[in-house]
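Any read-out appearing in this document is the output of simple, stated calculations on the displayed coordinates, not a laboratory observation. Predicted model only: the values in this text are computed from it and were never measured. Because the Cβ atoms are built from the backbone with ideal geometry, glycine has one as well, and the counts that use them run over all protein chains shown.
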Amino acid sequence: MSRDEGDESAVEAARRELLALISAELEPGRRLGSERELSTRLGVSRSTLRQALGALEGLGAVRRVPGRGGGTFVSKARIERDLSSVIGVPALLREQGFTAGSRVVSAGIVAADDATAAALSVDPGDLVTQIVRIRLADGEPLSLENARFPALRFPSLLELPLGGSIYELLTERYGVRPIHAIESIEAVPAGPDEAAVLDVPLGIPLLAIARTTYDQAGTPFEFSHDLFRADRTRILVRTAGAAGTADSARARGRLIDLHHMPG
């Protein structure tokens, strides 16, 4: 056993050195050196190094890929999603310095199922416009979006460009603005289709968000089910303090790191 093995202070020191190394020398997505190289560079045992890497993986700073050709990689920057505001993905990404993009998977008119009908206050079987898109951040898949809108309320929606913000499109063309939304959120494992579309390992946690969005008159106009990559997403929750003011958990709420949510 090396003299530092099992020493919590050595693990913490190695963790800090690794963070400094990542910050100074490595870009997101880059592979760290081998365990042998890193343990030699830091002057610690491999056991201590593995514990330090495990701590960094728990923080979301690195991700470890098993198998041949795998290794430890610097995690890519995460997108912060503030649940206290209704904002489209393109605007959200632009605000945080990412380049937004979309791929339209399918778009058409379908009959509303029971859940869609209840959310949009229409009858089951009524026609709704369904738009399925892959949302991109800096050219890489971020989320799979399945959104439905009352077809009669938004005629000719399918004839409009659907690659940008649907909210901006609805505001400009139909005068409908998103004012508030009700969202339910849970972590689900990626199935084969979702894993392929979002370029993630099978079974990795995804953030599933079911959302009903309301306009300025309080009428629901969107029912959406989105799957976000949990390794690229953080949730900001704003909570009121004792005096009724909202602090942020960087300053006004608290951040939830979805990387750790169970599948």
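Numerical summary
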{"quantity": "For the stretch 161-178 and the stretch 75-152, distance of Cα centres in Å", "calculated": "12"}
{"quantity": "Stretch gain in nm, segment SER106-SER85, where the contour uses 0.36 nm per residue and the Cα spacing is subtracted", "calculated": "4.8 nm"}
{"quantity": "For ILE134, ILE182, order by how many other beta-carbon atoms lie within 10 Å, fewest first", "calculated": "ILE182, ILE134"}
{"quantity": "Cut-off 18 Å (backbone N to label point 7 Å along Cα→Cβ of ALA187), residues of the stretch 203-218", "calculated": "203-210"}
{"quantity": "VAL128, VAL188, VAL122 arranged by Cβ crowding within 10 Å, fewest neighbours leading", "calculated": "VAL188, VAL122, VAL128"}
{"quantity": "Packing-based exposure ordering (other Cβ within 10 Å, fewest first) of PHE154, PHE149", "calculated": "PHE154, PHE149"}
{"quantity": "Share of alpha-carbon pairs per 10 Å distance bin for the stretch 79-260, given as whole %", "calculated": "9, 35, 37, 17, 2"}
{"quantity": "Net lengthening on full extension, ASP123/ALA210 (0.36 nm per residue, minus Cα-Cα)", "calculated": "29.4 nm"}
{"quantity": "Distance between modelled label sites at ALA20 and ASP199, nm, 7 Å Cα→Cβ extension", "calculated": "3.4"}
